[in-house]
1. What residue, among those in the stretch 87-129 that are open to solvent by less than 60 Å² (accessible area, probe 1.4 Å) and of a type in the set (Gly, Ala, Ser), is nearest to Thr30 (Cα to Cα)?
2. Would you be able to tell me the number of residues in the stretch 98-117 that are more than 15 Å from Leu46 (Cβ to Cβ) and not in a helix (DSSP H, G or I)?
3. Mind listing just one residue for me: the one in the stretch 4-36 that is among the aliphatic types (A, V, I, L, M) and closer than 30 Å to Ile105 by Cα and, of those, modelled with the lowest pLDDT?
4. For the stretch 90-129, which residues satisfy the criterion of being among the acidic types (Asp, Glu) and under 19 Å from Tyr39 (Cα atoms)?
Amino acid sequence: MRKLIAVMVIGCQLLLMTGCWGMKEIQAQTYGSALGIDYKEGEFILYFQALNFADIAKQEGATALQEKTGVVIGKGKGESIEEAFTELEQNAALPLYIGHVNSFILSEDVINKKMKDFIEYVGKEPLLR
């Protein structure tokens, strides 16, 4: 009886612990490479530059017929940087991943007036730190 219970417990644990439930395919996300932040008329304007893997990776089939595109750029506005990024995420076709952002472009207004907000935002985002 004990062996049967042990086998059932181990079997249940194996069923619950298998798989990669949180895994996301590389083509199912938009990987950001740069983030531009501007501040005009009381609003933050966020520009998001993303990598286009169609231009980087080899593709099978008729690649000569496909037109190469440049980088993907998105834009969001809001009263705070978080609101601007939320708007940007809502308008994006695929989920945005900011873990690969390696450049920030800040306007003069952000540097002179809102640097504290920028530092606060980057400090709160674990993937941008």
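1. Ranking the qualifying residues of the stretch 87-129, first place goes to Ala92.
2. Qualifying residue count for the region: 3.
3. Start the filter on the stretch 4-36 by keeping residues that are among the aliphatic types (A, V, I, L, M), which leaves 4-10, 14-17, 23, 26, 28, 34-35.
Subset that is closer than 30 Å to Ile105 by Cα: 26, 28, 34-35.
Working: Ile26: 76, Ala28: 79, Ala34: 93, Leu35: 94.
Applying the filter and picking the extreme gives Ile26.
4. Within the stretch 90-129, the subset among the acidic types (Asp, Glu) is 108-109, 117, 120, 125.
Once the filter is applied, which keeps residues that are among the acidic types (Asp, Glu) and under 19 Å from Tyr39 (Cα atoms), the stretch 90-129 yields Glu108, Asp109, Asp117, Glu120.
The values are calculated or read from the model by the stated rules, or taken from the named source; none is laboratory data. The structure presented is a predicted model; accordingly, all values stated were derived computationally and were not measured. We place every Cβ from the backbone using ideal geometry, glycine too, and count neighbours over all the protein chains shown. Each accessible area value is taken on the protein alone, full model and side chains, heavy atoms only, with ligands, DNA and RNA left out. Shrake-Rupley method; radii C 1.70, N 1.55, O 1.52, S 1.80 Å.
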